[in-house]
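Trainee: One structure, as structure tokens, below. Some questions next.
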Amino acid sequence: MPLHQHAVLYVFEVLPDQAAEFESAWEAVTVAIKQQCGSGGSRLYKSESGTYWAHALWPTREAMQSASLEGAEELLANRQRMVEACSNIEAIGEGDIVADFWTLEA
């Protein structure tokens, strides 16, 4: 089984003219959470309609729940930038991997 077996799916409705700010903040938050909290990272997608969605990977649900942002002021500031660039953020699903056929071929 893969190292990161738990995922959360998010949908982001980004405000008009805030796409660049959102993407920059999302990247900063994702990198910091990966480095500081042990996540497996995340991927960000954008639909033709302009809605963004992402899946965040974690080793386990417990690892995600025990991740602490205490003392991570820069991460929290970037997360606030991300929130302010959106009209809505929703976690639409969370669960553990059942099958994995993901490949990283060049």
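Trainee: Mind checking the dipole of the chain: about its Cα centre, +1 per Lys or Arg Cβ, -1 per Asp or Glu Cβ, Debye to the nearest 20? Could the numbers behind the result be given before it?
Mentor: Working: 6 positive and 16 negative charges, 35 e Å.
Its charge dipole is roughly 160 debye.
Trainee: Below 15 angstrom from the Cβ of Gly95, what's the summed charge of the other residues (Lys, Arg +1; Asp, Glu -1)? Could the numbers behind the result be given before it?
Mentor: Working: positive: Arg61; negative: Glu62, Glu94, Asp96, Asp100.
With Lys, Arg at +1 and Asp, Glu at -1, the neighbours total -3.
Trainee: Count the net charge of all other residues whose Cβ sits under 14 Å from the Cβ of Asn78, scoring Lys and Arg as +1 and Asp and Glu as -1.
Mentor: Value of the local net charge: -3.
Trainee: Loop-only chymotrypsin sites (Phe, Trp or Tyr not before Pro) in the range 45-105, please: DSSP not H, G, I, E or B, and at most 16 other Cβ atoms within 10 Å.
Mentor: Phe101, Trp102
Trainee: Just checking my list [x] 18, 15, 13; [y] 23, 18, 12; [z] 29, 12, 9 against semi-axes √(5λ) of the Cα gyration tensor in Å computed from this structure; which label fits?
Mentor: Correct label is [y].
No lab work stands behind these numbers, since they all come straight from the coordinates. The shown structure was predicted, so the numbers you read here are calculated from the model rather than taken from an experiment. When we count neighbours, we look across all protein chains shown, and the Cβ atoms used for this are built from the backbone with ideal geometry, even at glycine.
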